[in-house]
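Some notes on the structure that comes next.
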Amino acid sequence: MEVFRNNEWINATPANNERVREQASSGAIVEYTYIDRSISSELIIQLSNITVTSPNAQLIGNIWWLPKDEPFTITANAEGLPDGGLMVMVERVINATQPVDDIRFVANIKEGIVTMQGKFEQSGNYIITAKRLNAGLERIEAPFRLAFDTLEFDAYVSA
C-alpha cells in the first residue's frame, strides 16, 4: 500500500483521510481515501478514472465543451460502491460556482463501475460536485460518501 504525501507516493502506513493506492486482485491499481474505522464509520468511495465520451466533446483546460442536446456518457471506477443506482444532481451555474438550477440523472453502478448517460437540453455551464452529491447521500442516510474532483461542462449552441 502506498500513501500520497508531500506530492509523491511512498510506502507508509496511512493515517485517516489520506489518499492511498494499492493493487486489487484483478491487477488494477485502486486509489481511495483511507478511513480509520476506529474514528469514523462512514465509508468514503474515491471515484477514479473518470471519463466523458460524446461525439464532439472536448476537454478544454478543466472544462468539457459539448454541444447542447448531444448525448454523453460519464464513467468512473468506484471500488467498493454497491451495485444499484445513484441519483446525480448536476447543477447549472453562473460563474462556475453559483447554482441557479439543477438536473437529475440516474447513474448505474455495476461491479465497481459508475455509468451515467445524459444530455444538456439547454446551453450553459454545469457542474457535478462531491459536495452536492454527498449532501444528498447524507439526507438519505447512505452509509458512504463520494470523493472526486469537480466535473465542469459548457454546453453550447452549435453552428
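The values are calculated or read from the model by the stated rules, or taken from the named source; none is laboratory data. Fair warning: this is a prediction, and the values are worked out from it, not measured in the lab. Ideal geometry is used to build each Cβ from the backbone, glycine not excepted, and the neighbour counts take in all protein chains shown. These accessible areas exclude ligands, DNA and RNA; they are computed on the full protein's heavy atoms, side chains included. Shrake-Rupley method; radii C 1.70, N 1.55, O 1.52, S 1.80 Å.
Just how far, in whole angstrom, is region 76-115 from region 52-72 if you go by their alpha carbon centroids?
About 16 Å separates the Cα centre of region 52-72 from the one of region 76-115.
Just checking my list (1) 10, 34, 31, 12, 7, 5, 2, 0; (2) 10, 36, 33, 18, 4, 0; (3) 10, 34, 29, 18, 8, 1 against P(r) over Cα pairs in 10 Å bins from 0, in percent computed from this structure; which label fits?
Only one option fits the structure, namely (2).
Could you give the angle, 0 to 90 degrees to the nearest 10, between helix 130-139's Cα long axis and the longest principal axis of the Cα atoms of the chain?
80 degrees
Taking the mean number of other Cβ atoms within 10 Å as a proxy for protection, how do you rank 130-137, 50-57, 7-14 from highest to lowest?
130-137, 50-57, 7-14
What net charge is computed for the residues neighbouring I128, neighbours being all others with C-beta under 12 Å from the C-beta of I128, Lys and Arg scored +1, Asp and Glu -1? All intermediate terms of the calculation are to be shown ahead of the outcome.
Details: positive: R92, R104, K131, R132; negative: E91, D102, D149, E152.
Computed value for this residue: 0.
Please work out how much length the chain gains when fully extended from T51 to E18, using 0.36 nm per residue of separation minus the C-alpha to C-alpha distance, in nm with one decimal.
Working: separation 33, 0.36 × 33 = 11.88 nm, distance 2.37 nm.
Fully extending the segment from T51 to E18 adds 9.5 nm.
Near K68, which lysines are there with a Cα under 22 Å away, not counting those fewer than 8 places off in the same chain?
K119
Quickly work out the N6-to-S25 label distance, labels modelled 7 Å from Cα along the C-beta direction, and quote it in nm with one decimal.
Result for the modelled spin labels: 3.6 nm.
Just the accessible area per residue of the chain, please: how many Å² with a 1.4 Å probe?
Here the per-residue accessible area is 60 Å².
Per DSSP helix of 4 or more residues, -39500 (n - 2.57); summed, then divided by the residues of the chain. What does that give at 222 nm, rounded to the nearest 500? Don't skip to the end; give the middle numbers.
Working: 1 runs with 10 residues, N = 159.
My calculation for the chain gives -2000 deg cm²/dmol from helical runs alone.
Return the ratio Rg/(2.2 N^0.38 Å) for region 69-159, where Rg is computed over Cα atoms only.
Details: Rg = 13.5 Å, N = 91, 2.2 N^0.38 = 12.2 Å.
Here the answer is 1.11, to two decimals.
Where the accessible area of region 80-157 is counted over protein heavy atoms with a 1.4 Å probe, how much of it, in %, is carbon and sulfur?
In region 80-157, the share of accessible area belonging to carbon and sulfur is 48 percent.
Please report the net charge: other residues with Cβ closer than 10 Å to the Cβ of A155, K and R +1, D and E -1. Kindly include the intermediate steps, with their values, before the conclusion.
Values: positive: K68, R92, K119; negative: D69, E70, E121, D154.
That works out to -1.
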